[in-house]
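Below is one structure; the comments refer to it alone.
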Amino acid sequence: MANTKSAKKATRKIARRTEINKARRTRMRSSLRTVEAAIASGDKAAAQAALTAAEPSLFRAARHGVIHKKTASRKVSRLTHRIAKIGTESPATGKTAAAKATAAKTAAAKAAKTAAAKAAKTGA
């Protein structure tokens, strides 16, 4: 419990700022949820529009100290990359064509290695 007059005033100020920051954080998270939902739906135009609307709220939160400036930039960057990948993903697996090719190569190499090990085991 605060004892001095200045400590009591600081407690009151902190309570006021907390309420304001909660509202800012809620507004920011709501706009991010809108972008996430648009990305999940697979609609690139809607996702881009949602990100355009969410970006100012993210940077506003950063400007007021709710989140760090670099955190806001990182979130916008990652969302932008996810939106850019929307058209290239396979709806069934959620992987891009390049990721599928890499997975296929890895599986083929693994199968060849297994077959070689079996051949060496039976031949020896």
Condition (residue is within 22 Å of Ile67 (Cα to Cα), surrounded by 14 or more Cβ atoms within 10 Å (Cβ to Cβ) and of a type in the set (S, T, N, Q)) applied to the range 16-31: is it met by at least one residue? yes
If you take the residues of the range 1-36 that are part of a helix (DSSP H, G or I) and in contact with a Ser or Thr (Cβ under 7 Å, 6 or more places away or on another chain), which of them is nearest to Gly87 (Cα to Cα)? Ser31
Quick one: which helices (runs of 4 or more DSSP H) lie wholly within the range 37-124 and hold at least 3 residues that are modelled with pLDDT of 95 or more and under 14 Å from the mean Cα position of the chain (by Cα)? 44-63, 69-84
Out of the residues in the range 54-85 meeting the condition of being under 16 Å from Arg27 (Cα atoms) and among the charged types (D, E, K, R), tell me which one is surrounded by the most Cβ atoms within 10 Å (Cβ to Cβ). Lys75
Yes or no: Ser41 assigned by TED's automatic domain parsing to the domain that holds Ser77, farther than 19 Å from His68 by Cα and among the polar types (S, T, N, Q)? yes
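Listed here are the residues, each with its yes/no results for (1) aliphatic (A, V, I, L, M); (2) free of Cβ contacts under 8 Å to residues at least 40 places away in the same chain; (3) closer than 30 Å to Lys100 by Cα.
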{"site": "Ile14", "(1), (2), (3)": "yes, yes, no"}
{"site": "Asn21", "(1), (2), (3)": "no, no, no"}
{"site": "Ala37", "(1), (2), (3)": "yes, yes, yes"}
{"site": "Gly42", "(1), (2), (3)": "no, no, yes"}
{"site": "Ala45", "(1), (2), (3)": "yes, yes, yes"}
{"site": "Ala50", "(1), (2), (3)": "yes, yes, yes"}
{"site": "Ala53", "(1), (2), (3)": "yes, yes, no"}
{"site": "Leu58", "(1), (2), (3)": "yes, yes, no"}
{"site": "Ile83", "(1), (2), (3)": "yes, no, yes"}
The one condition Arg25 fails out of (1) in contact (Cβ under 8 Å) with a residue 24 or more places away in the chain; (2) over 30 Å from Met1 (Cα atoms) is (2)
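The values are calculated or read from the model by the stated rules, or taken from the named source; none is laboratory data. Being a predicted model, the structure only gives us computed values, none of them experimental. Reconstructed Cβ throughout: ideal geometry from the backbone, glycine too, with neighbour counts over all protein chains shown.
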